[in-house]
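The values are calculated or read from the model by the stated rules, or taken from the named source; none is laboratory data. The shown structure was predicted, so the numbers you read here are calculated from the model rather than taken from an experiment. All Cβ positions, even for glycine, are placed from backbone atoms using ideal geometry, and neighbour counts span all protein chains on display. SASA here: full protein model, heavy atoms, side chains in, ligands and nucleic acids out. Shrake-Rupley method; radii C 1.70, N 1.55, O 1.52, S 1.80 Å.
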Amino acid sequence: MPQSLDDKLVVAISSRALFNLEESNRVFEEEGLERYIEYQINHENEPLLPGVAFPLIRRLLALKDPITGKEAVEVILISRNDANTGLRVFNSIQHHKLNITRAAFTS
């Protein structure tokens, strides 16, 4: 059964705000989509460094409901990548121990 979000603050965050994707973006802009995909796949096990919104998201994820003690915030990752190149982002989420399980990939 799907988890209800009725009692949570739901926040959507882009992968570029959560993680520093400047190098990946440089590859995309200078070498094109095919090389970008290859780059992401070749680096999928290298954790990404935190981006500008990382500290905020980490703090939001730590918020608990004062009565129930349950997590009060659900973060949803949004990305223009496809799910295959998004694997590096999810590996980085796990590496940084962020409780983010939902994502929307629009490519």
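Loop-resident trypsin sites (Lys or Arg not before Pro) (DSSP state other than H, G, I, E or B) in region 40-77 with no more than 14 further Cβ atoms inside 10 Å of their Cβ: K70. For F19, the residues whose amide H sits under 5 Å from its own are G51, ignoring neighbours fewer than 5 places away on the same chain, with H placed 1.01 Å from N.
Label point of S14 set 7 angstrom out along Cα-Cβ; within region 72-107, amide nitrogens under 12 Å from it belong to 78-81.
Return one whole number: the accessible area per residue of the chain in Å², for a 1.4 Å probe. Working shown, then result.
Numbers: 6900 Å² over 107 residues.
Spelled out: the 1.4 Å probe surface of the chain, per residue, equals 64 Å².
Here the gap between T106 and E34, fully extended at 0.36 nm per residue and compared with their Cα-Cα distance, gives a gain of 24.2 nm. Expressed as a whole percent, the accessible area of the chain that falls on carbon and sulfur atoms is 54 (1.4 Å probe). Among beta bridges identified by DSSP and lying wholly in the chain, the antiparallel ones come to about 15 percent. Shown here: mean projected area of the Cα convex hull in nm², derived from the displayed model; of the candidates (i) 7.3; (ii) 9.9; (iii) 8.6, it corresponds to (i). Taking amide H atoms as placed 1.01 Å from N in the peptide plane, the amide H of E74 lies under 5 Å from those of L9, V10, V11, each 5 or more residues away in sequence or on another chain. Using C-alpha pairs below 8 Å separated by at least 6 residues, the relative contact order for the chain is 33 percent. Computed on protein heavy atoms with a 1.4 Å probe, the accessible areas place E22, E34, E44 in the order E34, E22, E44, largest first.
Distant-in-sequence amide contacts of S14, defined by a placed amide H-H separation under 5 Å and a gap of 5 or more residues or a different chain, comprise I78. Between the Cα long axis of helix 33-42 and the first principal axis of the chain there is an angle of about 70°, rounded to the nearest 10.
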